[in-house]
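Data block below; observations after.
The values are calculated or read from the model by the stated rules, or taken from the named source; none is laboratory data. Note that the structure is a prediction, hence the values are computed from the model and not measured. Cβ coordinates were reconstructed from backbone atoms using ideal geometry, including for glycine residues, and neighbour counts include every protein chain displayed. All accessible areas refer to the heavy atoms of the entire protein, side chains included, with ligands and DNA or RNA removed. Shrake-Rupley method; radii C 1.70, N 1.55, O 1.52, S 1.80 Å.
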Amino acid sequence: MTDDLLAGVEAAAGFAVHGSPATASRRELVAHGVPGLLAGKDPTLWGPAAEGRALDRLRFLDAYRGGAELLPLIAELHEELGDLSNVVLTGPGRAAGAVARTLGRPLTVLDDPDPHPVRALLDDPALLRRTVVVLADEVLGSVLWQAYRDLGLTAAEAGRHFVVLGGPLPELEAAGAVTVPAEPGALGAATLVPAAFAGVDVAELIDQAELFAPSLAADDDNPALALGVALAAAERILLVPDGSGLELGEWAADLLTGGLGLPVTIAGTPQDAPGDALTVTYGGSLAPAAVLADAAGPMVAVNGPLGAHFLAWPYAVAIAAHVRGVDPFRDFPAEAADPAPAAPSFVEGAVEIFTTGSATDLAGALRELLAEVDDQLRIHAFLDRTGDAEVTRLGPLLSAASGRPAGFGWGSYHRGGPLHGSFLQITGAVTGDVAVPGQERTLGGLQAARAAGDRQALAGRGRPLLHLHLTDRPGGIRQVLTAAEMLRH
């Protein structure tokens, strides 16, 4: 670790940011009262066009207060439904997943309509009968509701398996399912309810956030402000876990790419960073000196309790977006009306290749895409994060081949991806598709529509895009990995 990293430290409530020295940008933010304005949820900090969205999204700043009010209800529900030991969250759940992985608690997050993990649950009646569904996605809710009725459960018996986040759903409400108010942010009900059912002490997360929150309005000893200033100066970011067990990488990467549009890579060590990248190590209570080594470029270390992380990072992204003059709350593309792709450019084994280049083989198509990479490559896999997990090896392989960051994400970038850079989209054939009750579409069809929506948005922006469709998922993944390995030689 360098002396520079040790020099700049801002800390509050056991949370610290090391290595973000005082800058003109920070002094200007303080002079204009921005820390206090942001802590007070001022929606004007990102320009008139963002105000409406900011009014809603800034509620993350005090979502922990609503969470504290929910604790008695959560405890009551947990006791009442204690025999339902398998916890499933349907809908966006990066923060809930981060909590569960960090604390070693079992939680299934269905945040993408890939039908394979849903089919695995539907085909196991015993597992379904001991499952509680924390519902934040109406489509998956209707699928699972029908599954319980198909088991022969009465409406009241089926309703007992659901906790609905947000507005009530008439059928589930009539069946007695409990509805819990949902606030935006990592400390809202979408995190606290499933985490509590999975055995997490969510009151501790809320206490950590409450202790840290006053620092967000401070001019001094404001580590979240220090992190925001560091992010504002970055052109690309490398996220590195510090070994303390905090599993924040995917959640933080979504925040950074969605709020700032920056290239973000999750890697193993600071030495993996390109020289022009900001390396951000993150973790719990370990002293950074024990786990950091020199990086080729600038570095900051972010350390503290999990509940404080959930406030500090979105605050820092909002600060950085203000400095950079971008809207951190912008909307992203939805599904396409017609998800059917054109005929593939060519087929190689179990991979259909859709390209605008001149390549005639898979390795050549990947090589052409890498040749166009300027600041980043984004890989988006519309696959099963459990059954198709081997595809995550592709990011490091293509990063090594191109010398540029290669970020990886499951499903659509509308949850947090930039509309610049070069893109590799991977889709796969569906086996055992799942019908959506009362509709003509299936989960596989919905997933294909979202993938097509991404392709249309990227084409409209003129972004380089290579689309690979795997007609056999395991075989196709092996082919793509082999082709990527060839590019390194």
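Key figures for this structure:
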| quantity | calculated |
| --- | --- |
| Of all residues making up the range 144-169, the number that are under 29 Å from Ala186 (Cα atoms), touching a residue at least 12 places away in the same chain (Cβ under 8 Å) and either of a type in the set (Phe, Trp, Tyr) or open to solvent by 10 Å² or more (accessible area, probe 1.4 Å) (or both) | 8 |
| Some residue of the range 240-256 being among the polar types (S, T, N, Q) and at pLDDT 95 or above | no |
| Number of positions in the range 12-22 that are open to solvent by less than 40 Å² (accessible area, probe 1.4 Å) and either charged (D, E, K, R) or at pLDDT 90 or above (or both) | 5 |
| Hits in the range 429-443 (condition: outside any loop (DSSP other than H, G, I, E, B) and open to solvent by 10 Å² or more (accessible area, probe 1.4 Å)) | Ala435, Thr442 |
| Which numbered condition Glu390 fails, given (1) open to solvent by less than 20 Å² (accessible area, probe 1.4 Å); (2) closer than 29 Å to Leu260 by Cα; (3) not aromatic (Phe, Trp, Tyr) | (1) |
| Subset of the range 127-140 that is surrounded by fewer than 23 Cβ atoms within 10 Å (Cβ to Cβ) and under 23 Å from the mean Cα position of the chain (by Cα) - its residue that is farthest from Glu79 (Cα to Cα) | Val139 |
| Extreme residue, most open to solvent (accessible area, probe 1.4 Å), among residues of the range 457-489 that are basic (Lys, Arg) and modelled with pLDDT of 95 or more | Arg478 |
| Residue in the range 23-42 that is open to solvent by 20 Å² or more (accessible area, probe 1.4 Å) and at pLDDT below 90 present | yes |
| Subset tally (residues that are acidic (Asp, Glu) and assigned to a helix (DSSP H, G or I)) for the range 444-489 | 2 |
| Test: Val17 is within 24 Å of Ala230 (Cβ to Cβ), outside any helix (DSSP H, G or I), touching a Leu at 6+ places or on another chain (Cβ under 6 Å) and touching a residue at least 12 places away in the same chain (Cβ under 8 Å) | yes |
| Gly176 out of contact with any strand residue (DSSP E or B) (no Cβ under 7 Å at 6 or more places or on another chain) and either open to solvent by less than 10 Å² (accessible area, probe 1.4 Å) or more than 28 Å from Asp83 (Cα to Cα) (or both) | no |
| Out of Arg367, Arg378, sole residue that is farther than 13 Å from Leu468 by Cβ, open to solvent by 30 Å² or more (accessible area, probe 1.4 Å) and of a type outside the set (A, V, I, L, M) | Arg367 |
| Selection within the range 61-105 - assigned to a loop (DSSP other than H, G, I, E, B) and either more than 20 Å from Phe310 (Cα to Cα) or open to solvent by less than 20 Å² (accessible area, probe 1.4 Å) (or both) | Leu81, Gly82, Asp83, Leu84, Ser85, Gly91, Gly93 |
| Residue list for the range 43-52, filter: open to solvent by less than 70 Å² (accessible area, probe 1.4 Å) and in contact (Cβ under 8 Å) with a residue 12 or more places away in the chain | Pro43, Leu45, Trp46, Gly47, Ala50 |
| Failed item in (1) at pLDDT 95 or above; (2) small (Gly, Ala, Ser); (3) under 26 Å from Arg441 (Cα atoms), with Ala126 passing the rest | (3) |
